[in-house]
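Only one structure is covered here, and it is reproduced in the block below.
The values are calculated or read from the model by the stated rules, or taken from the named source; none is laboratory data. All figures in this text were calculated on a predicted structure; none of them were measured in a lab. Quick reminder, even Gly has a Cβ in these numbers, built from the backbone with ideal geometry, and neighbours come from all protein chains shown. These area figures cover heavy atoms from the full protein model, side chains too; ligands, DNA and RNA do not enter into them. Shrake-Rupley method; radii C 1.70, N 1.55, O 1.52, S 1.80 Å.
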Amino acid sequence: MRQESAALIRTPTEQETPPPPPPRAERLRVLGSEAFDVLIIGGGVTGTGAARDAALRGLRVALVEREDFASGTSSRSSRLIHGGVRYLEHGHLGLVFESSIERMRLLRLAPHLVRPLAFTWPVYKGARIPRWKLNAGLMLYDALALFRNVKGHRGLNARQTIEAEPGLLPDGLTGGARYYDAATDDARLTFANALGASEAGAVILNHASVRRLVIEEGKARGAVMVDHLSGQELTVRARVLVNATGPWSDEIRKLDATGETHAVRGSKGVHISVPRERVGNREALTLLSPLDGRVMFILPAGKHTIIGTTETSTRAHPAEVRASEKDVEYLLASANAFFPQAKLARADVVSAWAGIRPLVSRGYSGGGDAGSASREHAIDLSPSGVIAISGGKLTTYRVMARDVVNAVEHQLGVPRRKTVTETLPLPGGDLPSFDAGLQAALPEVGHAEVALHLVRAYGSRWRQVWAFTRAEDSLSRPLVEGLPYLRAEAAYGVTHEFVHTLADLLIRRLKVAFETRDQGAEAARAAAEVMAPRLGWDAAETQRQLEAYSQDAGRIFNVDPADG
């Protein structure tokens, strides 16, 4: 049954203070006692995007996530919103066109989370892609964006390329090109959709996993789930179920006895973070690794540089996928080939992480190469009526979510409503402009780096976070010295952002674990001091939470001695 018309749903403006989400106990009560139009399983960017879209269309929506929003692939990407210039090689023009349109849209709807990023692509003698081919490809890239990208590409000679990135190897350099895409905070983009879903009326719950499906007369009519925080088991009833669990989707298919169980094929992508001063890159670069010719990126990330990514098929379980020493060696050697003065070594690596791209099995070419596999998404319907979404990429999440909700409405037998996510800003995105938001924050916050972080993370809602520092002066202190993250964000995370564990805060709402050599261990102690009284942790529980955080961080950031 549809809720209030999407046209009447109000999104809080910059001047308004949106209320915090309902308490977890209340959300559990509603999940177990009310019936929903749709239950979405999976809190990655596609699942949360679908929940927001469906709720805005007036559907009664429930969403459950086994760990935390963006705890899988959605927090381990290259952090790019891009057309996908490398997909041109494989002839995926439709995907590039769609991605380019979405890039333009997200720059407008989430200016705090998605920002323009300039790339330099150097070309060397004997390169697989010579200058003429690169410039022709980038001309097509601009055309597929309908020439509405941030700026058009520009060809560079050797001197101009070195001027753009002085640290590059000059030997054999013939020139290059400059083009534009966009950068994002992948985990916060996912969370913005979760928050938007909640504010539109969806009932969302992290740290709750589906144990079995409720099948009645051959049709899926709900799921039995367990709340990992309380141990409570309950049944969520819904007319339609959506499997949006990414690399875990085959596990949900196994619960549906009639479903296909090999629809997704995992492709592992690894990134490493090193101090930016060690590389010396001014902006982003697109490179062809001299080791295997693969397209890779050097990306600015504040005080750090991200180098990535690899792409290899993997059978590793999504919860246990990690970088290997071989992966790290490959990325360091590739970067050193272009920045020889950097002489990057293993000791320079601040963090290393891996994610699994849930590619559609039938999207692989005959050779089975993950790099050439299609990033198109696919929606399947099992005989029991479970809708499953597979494939796709971060940039096109909104289109994937739209298509999922269209399928839900078809299953429900209700008239299709046009999505409003094409024009409605994400939470925090109602800024006149990013620069205007930053100029408003600077005098009040008084610290340029902190102000920049707050506006980038929270957009127009940065004042809500900063208000905690006025109520309690100690919350203005940093979680860890040298980074712009505040103790106030731990308090705000608990009250406003569904933060229940230290990993929720330090790995996903913030990037602390990615940007510290101890993967946030020191910051965890500071965060626990803030979170404990707000979550009712006593000394024993606080210690248990710290130990759990150490395990969570190790599971993601430890580097395996061999490939998994």
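Dipole magnitude of segment 444-491 about its Cα centre, charges +1 at Lys/Arg Cβ and -1 at Asp/Glu Cβ only, in debye to the nearest 20?
Working: 6 positive and 6 negative charges, 36 e Å.
Roughly 180 debye, rounded to the nearest 20.
Report relative contact order for the chain in percent, whole number only (criteria: Cα-Cα under 8 Å, sequence separation at least 6).
Numbers: 1170 pairs, mean separation 102.2, N = 564.
Here the relative contact order equals 18 percent.
Could you tell me the relative contact order of segment 30-143? Use alpha-carbon pairs under 8 Å, at least six residues apart, and round to a whole percent.
Values: 87 pairs, mean separation 20.4, N = 114.
Relative contact order, segment 30-143: 18 percent.
Non-local amide H neighbours of Gly429 (under 5 Å, H modeled in plane, Pro and chain starts lacking H): which ones?
Amide H to amide H, under 5 Å and 5 or more residues apart or across chains, Gly429 pairs with Ser460.
Tell me which residues come under 5 Å, amide H to amide H, from Thr310 once H is placed; ignore anything under 5 positions away on its chain.
Result for Thr310 returns Val270.
Given charges of +1 on the Cβ of Lys and Arg and -1 on the Cβ of Asp and Glu, with all other atoms neutral, how large is the dipole of segment 379-488 about its Cα centre, in debye to the nearest 20?
Values: 12 positive and 11 negative charges, 55 e Å.
Roughly 260 debye for segment 379-488.
Measure off 7 Å from each Cα along the Cα-to-Cβ vector at Glu481 and Ala118, then give the distance between these two points in nanometres to one decimal.
So the two model labels end up 3.5 nm from each other.
Calculate the radius of gyration of the Cα atoms of segment 83-151 to one decimal place, then report Dmax, the largest Cα-Cα distance, as a whole number, both in Å.
Rg and Dmax of segment 83-151, Cα atoms, are 13.1, 42 Å.
Which of Leu452, Pro427, Ala526 sits closest to the plus end of the dipole of segment 385-532, meaning its Cα is farthest towards the positive end, when Lys and Arg get +1 and Asp and Glu get -1 on the C-beta?
Towards the positive end, the residue furthest out is Pro427.
Give the residue from Trp132, Gly280, Phe36 lying farthest towards the positive end of the charge dipole for the chain; charges sit on Cβ (+1 for Lys and Arg, -1 for Asp and Glu) and the dipole is referred to the Cα centre.
Value computed over the given set: Trp132.
Could you go through segment 525-531 in sequence order and give the Karplus-derived ³J(HN,Hα) for each residue, using 6.51 cos²θ - 1.76 cosθ + 1.60 with θ = phi - 60°, rounded to whole Hz, and x for Gly and Pro?
My calculation for segment 525-531 gives 5, 5, 5, 4, 4, 7, 6 Hz in order.
As I understand it, the dipole of the chain uses +1 on the Cβ of Lys and Arg and -1 on the Cβ of Asp and Glu, about the Cα centre. Which of Ala238, Ala378, Val150 lies farthest toward its positive end?
Result: Val150.
Under the definition of Cα pairs under 8 Å and six or more residues apart, what whole-number percent is the relative contact order of segment 30-74?
On the way: 54 pairs, mean separation 20.6, N = 45.
Reported as a whole number, the value is 46 percent.
How big is the accessible area of Met104 in square angstrom, nearest 10, if you roll a 1.4 angstrom probe over the protein chains?
About 50 Å², ignoring ligands and nucleic acids.
Tell me, what HN-Hα J-couplings in whole Hz come from the Karplus equation 6.51 cos²θ - 1.76 cosθ + 1.60 at θ = phi - 60° for each residue of segment 481-487, using x for Gly and Pro?
Those phi angles translate into 4, x, 10, x, 7, 9, 4 Hz.
In the structure shown, do any of Lys125/Lys151; Lys254/Lys511; Lys393/Lys511; Lys343/Lys393; Lys254/Lys326 have a Cα-Cα gap over 25 Å, and if so which?
Details: Lys125/Lys151 27 Å; Lys254/Lys511 34 Å; Lys393/Lys511 21 Å; Lys343/Lys393 33 Å; Lys254/Lys326 33 Å.
Going by Cα-Cα distance, Lys125/Lys151; Lys254/Lys511; Lys343/Lys393; Lys254/Lys326 fall outside the 25 Å limit.
Evaluated at 25 °C with a viscosity of 0.890 mPa s, what Stokes-Einstein diffusion coefficient in µm²/s does the chain have when Rh comes from the Kirkwood expression over alpha-carbon pairs?
Answer, rounded: 102 µm²/s.
Enumerate the amide H contacts of Val203 below 5 Å, restricted to partners 5 or more residues apart or on another chain; note that Pro and chain-start residues carry no placed amide H.
Here the answer is Val61, Ala62, Leu63, since their amide H atoms fall under 5 Å of that of Val203.
Tell me the label-point distance for the pair His447, Thr174, using the 7 Å Cα-to-Cβ offset, in nm and rounded to one decimal.
5.0 nm
Convert each backbone phi in segment 533-539 into a coupling constant with the Karplus relation 6.51 cos²θ - 1.76 cosθ + 1.60 (shift: θ = phi - 60°), then list the ³J(HN,Hα) values in order as whole Hz, x for Gly and Pro.
Values per residue, Gly and Pro as x: x, 7, 10, x, 7, 8, 4 Hz.
Calculate, in nm to one decimal, what Glu529 and Lys125 gain on full extension: separation in residues at 0.36 nm each, minus their alpha carbon distance. Don't jump to the answer; show the numbers that get you there.
Numbers: separation 404, 0.36 × 404 = 145.44 nm, distance 5.64 nm.
Separation in residues times 0.36 nm, less the Cα-Cα distance, equals 139.8 nm.
Zone of Lys303 (label point 7 Å along Cα→Cβ, backbone N under 18 Å): which residues in segment 482-499?
Once the point is set 7 Å along Cα→Cβ of Lys303, 482-489 turn out to lie under 18 Å by backbone N, inside segment 482-499.
Rounded to whole Å, give me the distance from the Cα center of segment 76-105 to that of segment 302-330.
21 Å
Put a dot 7 Å past each Cα toward the Cβ at Glu89 and Ala257; how far apart are the dots in nm?
So the label points at Ala257 and Glu89 sit 4.7 nm apart.
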